[in-house]
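Scroll down for the structure; my scribbles are underneath it.
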Amino acid sequence: MTNSFPTDHPASDIIGQTSVSVNGLSFAYSEDRAVLRGVNLHVQAGRKVALLGSSGAGKSTLLLHMNGIHLPQQGRVTIGGHGVSTENLSHIRQAVGLVFQDPDDQLFHLTVEEDVAFGPRNFGLAEVAVRERVREALEAMQLVGFEQRLNQQLSFGERRRVSLATVFSMRPKVLALDEPFANLDPHMVRSLMETIRCFPGTVLLASQDILPALGCCQEIAILHQGQIVAHGPVKEIAMDRELLQRCGVDFWYLADVLDKLR
Amino acid sequence: MSASSELSPSADTRQPLLSPTPVTLLAVLLTLAIVGMEQLGELRAFGLYGLLILAAALIWRAPLWPIIRRILQLSPALLLLSLGLPLSRLLDLWIAGLSPDGTSLLAASYWVDALSLFIRSLCALALLVSITQALGWQGILNALRGLGMPLAVTAVLEHMERYRALVTDEWQRTNLARDSRSPGGMRFALASYAGQTGLIFARSWDRSERIHQAMLSRGYSLVPHSVPRRSAWRLLGNMAGLAQLWLPAVALAIRVAL
C-alpha cells in the first residue's frame, strides 16, 4: 500500500501534542459488570502501542474512551493534554480516529464515497475540501476507483480498507484500532501492518492477533481483568512468557509448532 | 462477500440516458397517476400504462429480466392483498350467518375493485422496480435530495437500505448455519424461522448500538450532512427537455383513464 498520509490538522490546539494518557480510569456497564478498574496508561506522541488482552479484558471499552464514546466514570483520559469531556468532544473526535472491529458497524452508507466523506462533512468542511479529503484517504488505502461501489458488494478485506479510509479522511493524529487484523488473509495483514507502521501519528491497537500486532508496534500494554498489568517495549514484554500465559495472550506455542515443522 | 441485491445494482453498471432527478420525478408522477385512478372502467388505460412503463424502462436502460422476475415474485402477495376486500366481505356474510351462494351475495363490484387494485399495484410496482433497477438506490436518493427532500429523510432511507443489506446477509448466514446442521428441507426451515427472526432482531439491536457509536466517533451530532443539491437551472433544463417527451403521453393516459 502507498502510505501518503496528510499531516496538517484542523484541530490546531492538539497538533504536536498527541500523547494519550489514561489515569485511574474505571468503567462499568452496570453495577455488577465492571470492565475497567483503575486503568493507567501513558502513550507518548508518535508511539505505536499494542494493547493485548484476552476476550473480555476491556480492550474495546478502553478504546471507546479514547474517542469520547464512553466518558470516564472515574479517572481521566487526556489526548494531547486535553481531557476528554463533553465540552471538547468535537476536537477530540477530529484528533482520534476510531476503527471498529467489524467494518459493517463502521460503514453505514451505501457507497464508499459517502462513507469516507461522512466524517469531514460532520466537521463542517467545505465540499471542495471534503472531496480532497476523500481522494487522499482513498489513495492512501489504494481504493481509487471504489468511490461509487456499494459497501455491501465489497469483500471483507475491501470493507476493512474502506473503514480505515473513513478515519483517514478526518486526518487523525491518534489512531485507535479495535482488532484490525481479525478475519484478514495474510497478504492483507501484511499490507495493514505496513499501513500502521507508516502512519505518522500515535497508534493504540487492541488485538488478539498477537504476532501482527507485535510486528507493527513498538510497545506492548497488557490489559488483564480491567487493569494494565504490564507496559513496555515489545522485546521486554514479549519475552516474559509467564506473564503472557497468566494473562491469556501467550503466543509462544507457535514456536513449538514451528519446531515441529522443522 | 455479502450477497448483492437485485434492487441495488452496483453503480458502475449501465448509466441511464437521463439524469436521475427528472427520471425520479417522472416516476413519482406516473405512480401517482396510476394509483390515483378512480375506477377500472377502461381496461385499456392499464394497457397504456403498461406500455408507458415498458417505454420508461427501455429509455432508462433498466434490465428487463430482473424487473420481470421481481414482479413475478411479488405478484402473489399483491393478489392476496387485493383480494382482501371481497374476502373480508365474504367473511362478514359468513359471520352474519348467511351462506354465500356463489356470486349473488357478493356484488360484482367487489371483484372488479379487487382486480383494479391488483393491476394498479402491479403497475406501480413495475414502475418502482424499473426505476430502482435503472438508477440504483443511491441514484434515487441523490435525485430526491435534488428535488428538495429533507436530508434527515434521505439519510434515514439510505441507512435503511444499508441495514436491509446487512439483515439479508445475516439471514443468509443463519440459513447456512441451520442447513449445515439439519437434513435440509422446508420442514426444518419453517421450524427455525421464528428463532432466526428473533436472533436477527437481537443482533440488529446490538449492531444499531455499534453503528451509532461509529457515527458519533466521526463527529455525528444528529445533524445530517450530505452532498450539495444540483443547480436549480440544470434541473429545470432537464425537466423542460423531459416534459416535451412525456407530457403528451401522460396527458393521454390520464384522459383515457378518466
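The values are calculated or read from the model by the stated rules, or taken from the named source; none is laboratory data. As the structure is a prediction and not an experimental result, all values here were calculated from the model. All Cβ positions, even for glycine, are placed from backbone atoms using ideal geometry, and neighbour counts span all protein chains on display. For accessibility, only protein heavy atoms count, side chains too; no ligands or nucleic acids. Shrake-Rupley method; radii C 1.70, N 1.55, O 1.52, S 1.80 Å.
Could you tell me whether any residue of segment B:20-34 is over 19 Å from the mean Cα position of the chain (by Cα) and modelled with pLDDT under 75?
no
In segment A:91-129, which residues are facing chain B (nearest Cβ under 9 Å), free of Cβ contacts under 8 Å to residues at least 24 places away in the same chain and part of a helix (DSSP H, G or I)?
A:ASP105, A:GLU114, A:ARG121, A:ASN122, A:GLU127
Hey, among the residues in segment A:65-83 that are part of a strand (DSSP E or B) and open to solvent by 30 Å² or more (accessible area, probe 1.4 Å), which one's nearest to the other protein chains (Cβ to nearest Cβ)?
A:HIS82
Look at A:GLN148 and say whether it is more than 12 Å from chain B (Cβ to nearest Cβ) and assigned to a loop (DSSP other than H, G, I, E, B).
Numbers: more than 12 Å from chain B (Cβ to nearest Cβ): no; assigned to a loop (DSSP other than H, G, I, E, B): yes.
Judged against the criteria, A:GLN148 is not a match.
Among the residues of segment A:135-144, is there at least one that is open to solvent by 40 Å² or more (accessible area, probe 1.4 Å) and free of Cβ contacts under 8 Å to residues at least 40 places away in the same chain?
Yes - at least one qualifying residue is present in segment A:135-144.
If B:ALA114 passes every condition in (1) touching a helix residue (DSSP H, G or I) at 6+ places or on another chain (Cβ under 6 Å); (2) at pLDDT below 80 but one, which one does it miss?
Here B:ALA114 clears every test but (2).
Go through (1) within 16 Å of A:LEU98 (Cα to Cα); (2) at pLDDT 90 or above one by one and return the number of the condition A:PRO200 breaks.
Condition (2) is where A:PRO200 drops out.
Here are B:ALA62, B:ALA77, B:ALA126: which of them is modelled with pLDDT of 75 or more, under 16 Å from the mean Cα position of the chain (by Cα) and not in a helix (DSSP H, G or I)? Talk me through it step by step, then tell me what you get.
Numbers: B:ALA77 fails: not in a helix (DSSP H, G or I); B:ALA126 fails: not in a helix (DSSP H, G or I).
Result: B:ALA62 is the single residue among B:ALA62, B:ALA77, B:ALA126 that is modelled with pLDDT of 75 or more, under 16 Å from the mean Cα position of the chain (by Cα) and not in a helix (DSSP H, G or I).
Test A:GLU127 against the stated conditions and say whether it is of a type outside the set (Phe, Trp, Tyr), farther than 22 Å from A:CYS198 by Cα and touching a Lys or Arg at 6+ places or on another chain (Cβ under 9 Å). Full working, then the answer.
Numbers: of a type outside the set (Phe, Trp, Tyr): yes; farther than 22 Å from A:CYS198 by Cα: yes; touching a Lys or Arg at 6+ places or on another chain (Cβ under 9 Å): yes.
The answer is yes for A:GLU127.
Checking A:TYR29 against (1) within 11 Å of chain B (Cβ to nearest Cβ); (2) in contact with a helix residue (DSSP H, G or I) (Cβ under 9 Å, 6 or more places away or on another chain); (3) not in a loop (DSSP other than H, G, I, E, B), which test does it fail?
(1)
Which residue is farthest from A:GLY56 (Cα to Cα), if the candidates are limited to segment A:236-262 and must be in contact with a strand residue (DSSP E or B) (Cβ under 9 Å, 6 or more places away or on another chain) and assigned to a helix (DSSP H, G or I)?
A:GLU236
Go through (1) within 12 Å of chain A (Cβ to nearest Cβ); (2) touching a residue at least 24 places away in the same chain (Cβ under 8 Å); (3) open to solvent by 40 Å² or more (accessible area, probe 1.4 Å) and name the single condition B:VAL156 misses.
For B:VAL156, the exception is condition (2).
Residues checked against (1) surrounded by fewer than 23 Cβ atoms within 10 Å (Cβ to Cβ); (2) more than 18 Å from A:ALA176 (Cα to Cα); (3) touching a strand residue (DSSP E or B) at 6+ places or on another chain (Cβ under 9 Å); (4) not hydroxyl-bearing (Ser, Thr, Tyr):
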| position | (1), (2), (3), (4) |
| --- | --- |
| A:SER60 | yes, no, yes, no |
| A:LEU63 | no, no, yes, yes |
| A:ARG93 | no, no, no, yes |
| A:VAL112 | no, yes, yes, yes |
| A:GLY124 | yes, yes, no, yes |
